[in-house]
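Inspection log for the structure reproduced underneath, given as structure tokens.
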Amino acid sequence: MKSIVFLGTNKTGSSYEGIRAAKSLGYETILLTNRTIFIEEKEGYKEIDDARLIDMSDTDEIFLAITDLMNEGKIVDCFISFLDEYVYLAALLTNVICNTPLTYEPLEIMTDKILTREFLSGKNYTPFFKVLSSPETIENEVNELNDQFPLIIKSPQSNGSKDVLLVGNIWECKRGVKQLLRKNSELPILVEEYLEGPQYLIEVMVYHSTITIVAIVEQEVTKGERFIITGYSICPKLLLEQLPGLKETVYSIIEDFQFRNGTCHLEMKLTNKGWKLIEINPRMAGGAMNRMIEEAFGVNLAEQTIRLYAGNEPDLIRRQEKAIYAQYLIVSSIGKLLKVSGCDSAEEQAGVIEVYTKAATGQIVTPPRSMGQRYGYVLAAADSKSQARKCAINGAQQIQFYLLPI
């Protein structure tokens with residue numbers, strides 16, 4: 001039996017659905033992980049045939065684990081990861097060991113926000129940015145930004161809205177810089193123009209230089225302490241022609257990276273200066289994205305990503321068209337979770353196709369400072385975007401988080 005080796009996974013979402021897809025395609029699934037839960041509670045993760053606990057921060061240890069697999073006679077079709085920190089390495093291993101011509105060089109750039117901005121510097125779709133890299137000159141560099149506010153400041157390795165701050169003046173900027181430096185004094189800080197306008201996530205797959213926009217997902221952003229996306233909408237009636245310039249901009253970005261084989265997703269904003277790239281990530285989006293695309297179009301993007309990594313042509317033909325909306329669940333105050341109620345009622349609401357909550361009783365929950373502090377979602381389907389949204393929000397309103405204040 002042929003095998004696929006996964007470098008890391010989450011317990012749910014697109015990364016684990018990749019493992020499920022590999023299993024359904026008839027592969028032996030091997031997981032290299034630093035998370036003990038996949039070893040200690042393996043009966044709950046039946047799609048994983050072989051989980052090996054290693055230090056995933058040590059590349060040499062990853063190489064040793066792979067050498068062990070080869071010595072055991074495993075026939076590996078590809079190495080793959082749906083997690084930012086391992087995507088580049090997985091693609092490189094697939095190139096070198098499995099001889100599949102994935103374009104791995106751009107993936108390393110995409111994992112770093114500063115490298116991405118510098119690589120795409122001067123392009124029409126790149127907003128104003130500045131890198132604060134020297135502790136000795138940060139004070140003066142911040143003072144020079146006086147006419148640019150509001151601005152976004154972030155860590156170059158930020159993902160899921162972690163360590164991303166909106167600052168409206170010099171005082172807030174200096175405070176935000178100090179906050180980021182307290183977390184990691186070694187990292188430079190990326191300063192970006194704050195952009196107004198509707199925001200979209202675009203899922204892209206490239207096979208032999210042919211670019212396919214798999215899905216356009218409209219995002220609803222909740223602006224609290226952080227920018228948290230709480231709503232995602234896929235509407236088959238939203239055509240590229242209704243978003244002038246988007247296709248051309250996405251294609252330009254992919255071409256600028258010289259991306260020939262692989263997957264990524266982009267976040268774009270339509271501003272009064274045209275389309276601007278918020279960020280590009282070297283993998284498909286996580287969370288409920290794979291399920292949303294499958295429900296909307298009948299395309300399992302995680303499965304097609306595996307086919308691509310294994311050297312096969314992906315099948316991205318749409319088999320159905322539905323409007324899909326995902327409403328994420330957040331809390332408005334910090335506390336110890338006593339119970340969650342209303343999930344059964346939410347599932348019974350018209351249009352609702354999935355209800356998922358991840359917070360455990362006794363867990364401390366908090367208003368979101370990152371995407372990881374969203375505590376579940378309600379997924380709904382309908383004939384129109386507005387109806388799907390209404391169904392998902394109605395389902396979400398049935399769910400209550402009971403907290404003990406702390």
Looking at the structure I just gave you, is A346 closer than 25 Å to V204 by Cα and buried (at least 19 other Cβ atoms within 10 Å of the Cβ)?
no
Every residue from the stretch 14-56 that is among the small types (G, A, S), within 24 Å of the chain's Cα centre (by Cα) and under 20 Å from P314 (Cβ atoms):
S14, S15, G18, A21, A22, S24
Taking the residues in the stretch 176-235 that are at pLDDT 95 or above and among the aromatic types (F, W, Y) as candidates, determine which candidate is farthest from S121 (Cα to Cα).
Y232
From A285, A310, A296, A323, which residue is aliphatic (A, V, I, L, M), under 22 Å from L195 (Cα atoms) and in contact with a strand residue (DSSP E or B) (Cβ under 7 Å, 6 or more places away or on another chain)?
A285
Taking the stretch 252-298 as the search range and keeping residues that are over 17 Å from F227 (Cβ atoms) and part of a strand (DSSP E or B), which one is farthest from the chain's Cα centre (by Cα)?
G274
Scanning the stretch 3-61 for residues that are without any contact (Cβ under 8 Å) to a residue 24 or more places away in the chain and of a type in the set (G, A, S), which turns out nearest to R307 (Cα to Cα)?
A51
Looking only at the stretch 361-389, and only at residues there that are crowded, with 18+ Cβ neighbours inside 10 Å and part of a helix (DSSP H, G or I), the one that is modelled with the lowest pLDDT:
M371
Mind telling me which of the residues T111, T116 ends up being hydroxyl-bearing (S, T, Y), closer than 30 Å to L69 by Cβ and within 18 Å of the chain's Cα centre (by Cα)?
T111
Reported set for the stretch 179-199 where residues are in contact with a Lys or Arg (Cβ under 9 Å, 6 or more places away or on another chain) and in a loop (DSSP other than H, G, I, E, B) is L195, E196, G197, P198
Positions within the stretch 158-191 being within 19 Å of M110 (Cβ to Cβ) and within 20 Å of the chain's Cα centre (by Cα), in sequence order
S158, N159, G160, S161, K162, D163, V164, L190
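Every residue, every condition in (1) in contact with a Cys (Cβ under 6 Å, 6 or more places away or on another chain); (2) modelled with pLDDT of 95 or more; (3) of a type in the set (G, A, S), yes or no:
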residue: Y309; (1), (2), (3): yes, yes, no
residue: R318; (1), (2), (3): no, yes, no
residue: A326; (1), (2), (3): no, yes, yes
residue: I334; (1), (2), (3): no, yes, no
residue: L338; (1), (2), (3): no, yes, no
residue: S345; (1), (2), (3): no, yes, yes
residue: E348; (1), (2), (3): no, yes, no
residue: Y356; (1), (2), (3): no, yes, no
residue: A359; (1), (2), (3): no, no, yes
Does T94 satisfy the criteria of being within 27 Å of the chain's Cα centre (by Cα), over 20 Å from T33 (Cβ atoms) and in the same structural domain as T29 (by TED's automatic domain parsing)?
no
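Could you say which residue among E303, E294 is under 28 Å from T212 (Cβ atoms) and free of Cβ contacts under 8 Å to residues at least 60 places away in the same chain? Give the steps one after another, and end with the answer.
Numbers: E303 fails: free of Cβ contacts under 8 Å to residues at least 60 places away in the same chain.
Just a single option satisfies the conditions, and that option is E294.
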Within the stretch 372-395, tally of residues that are within 16 Å of E220 (Cα to Cα) and among the hydroxyl-bearing types (S, T, Y)
2
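Answer yes or no as to whether I216 is closer than 21 Å to Q327 by Cβ and surrounded by 20 or more Cβ atoms within 10 Å (Cβ to Cβ). Quick ask: steps written out before the conclusion?
Details: closer than 21 Å to Q327 by Cβ: yes; surrounded by 20 or more Cβ atoms within 10 Å (Cβ to Cβ): yes.
Spelling it out, I216 is indeed closer than 21 Å to Q327 by Cβ and surrounded by 20 or more Cβ atoms within 10 Å (Cβ to Cβ).
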Inspect the stretch 337-360 for any residue being assigned by TED's automatic domain parsing to the domain that holds P405 and in contact with a Pro (Cβ under 6 Å, 6 or more places away or on another chain) and give the result as yes or no.
no
Taking the condition over 21 Å from G286 (Cβ atoms) and polar (S, T, N, Q), does T33 pass?
no
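The values are calculated or read from the model by the stated rules, or taken from the named source; none is laboratory data. Note that this is a predicted model, so its numbers are computed, not measured. Because the Cβ atoms are built from the backbone with ideal geometry, glycine has one as well, and the counts that use them run over all protein chains shown.
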